[in-house]
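Okay, structure first, notes after.
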């Protein structure tokens, strides 16, 4: 389902005129259908993430019936927080991150390592302040542990900043990695994660590398405020 300008304005907490300006300036992708602009939700999330613009995570809620979206706190609890990941070599760091994930099938782990290493910038988007999150258009979709229907989100802290994209010369020291059962759930959790990273409390917990319990609680607090 494509969104109207008024719906996008509400999701971005911006005026409709501002949204029209973004569209007409060619910044925000949109299509004109029956004389009215319509915006693809995936493109909106990608646009907002790249520009570090806050987007209400309810953008994908109706696709999963609302209750079907795994919370960031629950996904982090499932994926875990890892510290002191060696980062002298980008490929080795990514392998270490994937190796620490609680996957049900070791064959999935090996295939996942190859998949991630083959992607541009390892499928990560650097959103500022040394934090990287998964790219919108390159979801990792895998079945998780038996009995689990939600998404898995890990947070890895590197021993030193790592160059991810030479194009923008941006480095990271904190990497979020997301595995979801479906593409739609990937987008929904990613929208919530992006909103949480924009929350001062959660952002501070990540940058100060607090313990896993505190980071999960900060995620829960950030989501409660959305």
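Read-outs throughout are calculated quantities, based only on the coordinates presented, and are distinct from any laboratory measurement. From a predicted model like this one, the values you see are computed outputs, not experimental measurements. Cβ placement follows ideal geometry from the backbone for every residue including glycine, while neighbour counts extend to all protein chains displayed.
How high is the FRET efficiency between residue 90 and residue 40 when r is their beta carbon distance and R₀ equals 35 Å, given to the nearest 0.05? Display every interim value, and only then the final one.
On the way: r = 31 Å, r/R0 = 0.90.
After rounding, the FRET efficiency stands at 0.65.
Just need the relative contact order of the chain here, percent rounded to a whole number, with Cα pairs under 8 Å and 6+ apart.
Working: 362 pairs, mean separation 51.0, N = 226.
Averaging sequence separation for qualifying contacts and normalising by length gives 23 percent for the chain.
What does segment 65-104 give for Rg and for Dmax, in Å, if only its C-alpha atoms count?
Radius of gyration, then largest Cα-Cα span, for segment 65-104: 13.5, 43 Å.
Counting only helical runs of four or more DSSP H residues, what would the 222 nm mean residue ellipticity of the chain come to if each run contributes -39,500 (n - 2.57) and the total is spread over all its residues? Write out the running numbers ahead of the final one.
Working: 9 runs with 94 residues, N = 226.
Only helices count here, giving -12500 deg cm²/dmol.
Mind running the shape call on segment 72-224? Use the C-alpha gyration tensor, a ≥ b ≥ c as the square roots of the eigenvalues: rounded below 1.5 for a/c, prolate if a/b tops b/c, oblate otherwise.
Rounded, since a/c falls under 1.5.
What does the highest-first list of 17-23, 75-81 look like by mean Cβ count within 10 Å?
Working: 17-23: 16.3, 75-81: 21.1.
Sorting 17-23, 75-81 by mean packing, highest first, produces 75-81, 17-23.
Taking only Cα atoms of segment 160-226, what ratio of Rg to Rh do you get with Rh as the Kirkwood inverse-distance radius?
Numbers: Rg = 13.4 Å, Rh = 13.3 Å.
Ratio value, two decimals: 1.01.
Taking 7 Å along the Cα-to-C-beta vector as the label spot, tell me the residue 99-residue 211 distance in nanometres, rounded to one decimal.
Roughly 2.6 nm, to one decimal.
Dividing the convex hull volume of the alpha carbon atoms of segment 1-160 by its residue count, what do you get in Å³ per residue?
Values: hull volume 22.5 nm³, N = 160.
Value for segment 1-160: 140 Å³ per residue.
Using the C-alpha atoms of segment 49-134, what convex hull volume per residue, in cubic angstrom, is computed? Write down the numbers at each step before the final one.
Numbers: hull volume 12.2 nm³, N = 86.
Dividing the Cα hull volume of segment 49-134 by its residues yields 142 Å³.
Suppose the chain between residue 51 and residue 141 were pulled fully straight at 0.36 nm per residue; how much longer would it get relative to their current alpha carbon spacing? Could you put the intermediate results ahead of the total?
Values: separation 90, 0.36 × 90 = 32.40 nm, distance 2.53 nm.
Residue separation times 0.36 nm, minus the Cα-Cα distance, leaves 29.9 nm.
At a threshold of 8 angstrom on Cα-Cα distance, excluding pairs fewer than six apart, so keeping six or more, what relative contact order does segment 5-63 reach in percent?
On the way: 45 pairs, mean separation 19.8, N = 59.
About 34 percent, as a whole number.
Could you give the length gained on full extension between residue 58 and residue 20, defined as 0.36 nm per residue of separation minus the Cα-Cα distance, in nm? Don't skip to the end; give the middle numbers.
Working: separation 38, 0.36 × 38 = 13.68 nm, distance 2.12 nm.
Contour length minus Cα-Cα distance gives 11.6 nm.
Could you give the alpha-carbon Rg of segment 5-63 over 2.2 N^0.38 Å, rounded to two decimals?
Numbers: Rg = 10.8 Å, N = 59, 2.2 N^0.38 = 10.4 Å.
Taking N as the residue count of segment 5-63, the ratio is 1.04.
Tell me, how many Å apart are the Cα centres for segment 73-91 and for segment 1-48?
Taking the Cα centre of segment 1-48 as reference, the centre of segment 73-91 is 34 Å away.
If you restrict to DSSP beta bridges whose two residues both lie in the chain, what percentage is antiparallel, to the nearest 5? Before the final figure, lay out the partial values.
Details: 17 of 23 bridges.
Around 75 percent antiparallel, to the nearest 5.
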